[in-house]
Amino acid sequence: MTMVTDGDAGGIGQGIRAPVPCRLCGADSTPMFELRLMGRHQAGFFQCTGCGSMQTEQPYWLAEAYADPRPLTDVGIVARNMDLSMRVDLILSMLGVGADALCLDWAGGNGLFARMMRDRGWNVFLHEPYTPNFYVPFHSAELAGLERADVVTAFEVLEHLPEPARDTEALFAFDPDILIVTTELYAGQDRSWYYFGEDNGQHVFFYTRKALELIARRHGRGLITAGSMHFLLRARPLRCAYGMAEIRALADLLGDPDRFHARAMERMSDHMRHPFRHALHDHQEILGRLQAGEKPA
Ligand SMILES: [Zn+2]
């Protein structure tokens, strides 16, 4: 990026930063403010004149931001995965996803979500390039040779992508009918917004609804957003068994959080009458593979 030092003109921080191209849509992005990430890196934040998203300057601090793979400040990791697994279980059942459908949790960290979903009977694999696969060692996408997936999930991932135009291509390379992501939408929040993640420096791109629409349109998907949860769906699925009626029912349910919660809890309650029924199936399979000399990923 270009930095022009010109104290007289009264720019951002100590200098003026020139506009940079948006890493999603390519339009000019205007310098707005700076934040001191991880207490060390003075980083410029830029708002796009095209898609409206906010982004940091080209992030050069990421190796430092990810030096420890443990969720040092992410104390919500378990509660969030419990909540997401309950919601996604209900959503997949509503969209006619079968027990054999291939599901991929992209950038799924240590595999906690994948494990919880496998426990609920969904055929979920883990893709994760950085964090060791702790929870689903025999169900990594790489070991399974997964090249496509009917369902892809990517939770709290998009805001970490340094090059969203390029990096989101990887999600669609799996050609999913259903892509479910979570990220908090940027809608003009000021510099004190917690999601800018000043303490950990891992969040580098903040999408507007318009930005998600752009991504969906680029890939021929329709967009449904509900709070921080977003669905990029094929209107006519290639492999899953849903139609417009199911999409409408999902959109209605997303608009009624109490009913959504109650129905997800109902399914969870039913599952917990026999909590290991699907885990035991995985256990048998893994024993067989270990005995055959296969190494976990
Ligand atoms: Zn943009």
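Nothing in this text is a laboratory measurement; each read-out follows from the coordinates by a stated rule. Note that the coordinates shown come from a computational prediction; the quantities given were computed from them, not determined experimentally. Using ideal geometry, Cβ is built from the backbone for each residue, glycine included, and neighbour counts are taken over all protein chains shown.
Overview of values
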| quantity | calculated |
| --- | --- |
| Helix-only CD estimate at 222 nm, as mean residue ellipticity for the chain, using -39500 (n - 2.57) per DSSP H run (n ≥ 4) | -9500 deg cm²/dmol |
| Residue among Ala249, Met32, Ala18 farthest towards the positive dipole end of the chain, charges placed on Cβ | Ala249 |
| For region 195-279: rounded, prolate or oblate by the Cα gyration tensor [a/c cutoff 1.5] | oblate |
| Protection-proxy order for peptides 208-219, 279-290, 236-247, each taking the mean of Cβ atoms within 10 Å per residue, highest first | 208-219, 236-247, 279-290 |
| Percent antiparallel among DSSP beta bridges (both partners in the chain, rounded to 5) | 70 percent |
| Cα long-axis angle, helix 277-291 against the chain (0 to 90 degrees, to the nearest 10) | 90 degrees |
| Folded to 0 to 90 degrees: helix 209-218 orientation relative to the chain principal axis, Cα | 60 degrees |
| Calculated FRET value between Arg166 and Tyr66, using beta carbons and R₀ = 25 Å, to 0.05 | 0.85 |
| Cβ-placed point charges (K, R +1; D, E -1), dipole of the chain about Cα centre in debye, nearest 20 | 620 debye |
| Between 0 and 90°, nearest 10: helix 244-254 axis offset from the chain longest Cα axis | 70 degrees |
| Gyration tensor verdict on region 77-272 (Cα atoms; rounded if a/c is under 1.5, prolate if a/b is larger than b/c, oblate otherwise) | rounded |
| Alpha-carbon centroids, region 31-49 and region 153-216: separation in whole Å | 17 Å |
| Burial ordering of Thr49, Thr183, Thr73, fewest other beta-carbon atoms within 10 Å first | Thr73, Thr49, Thr183 |
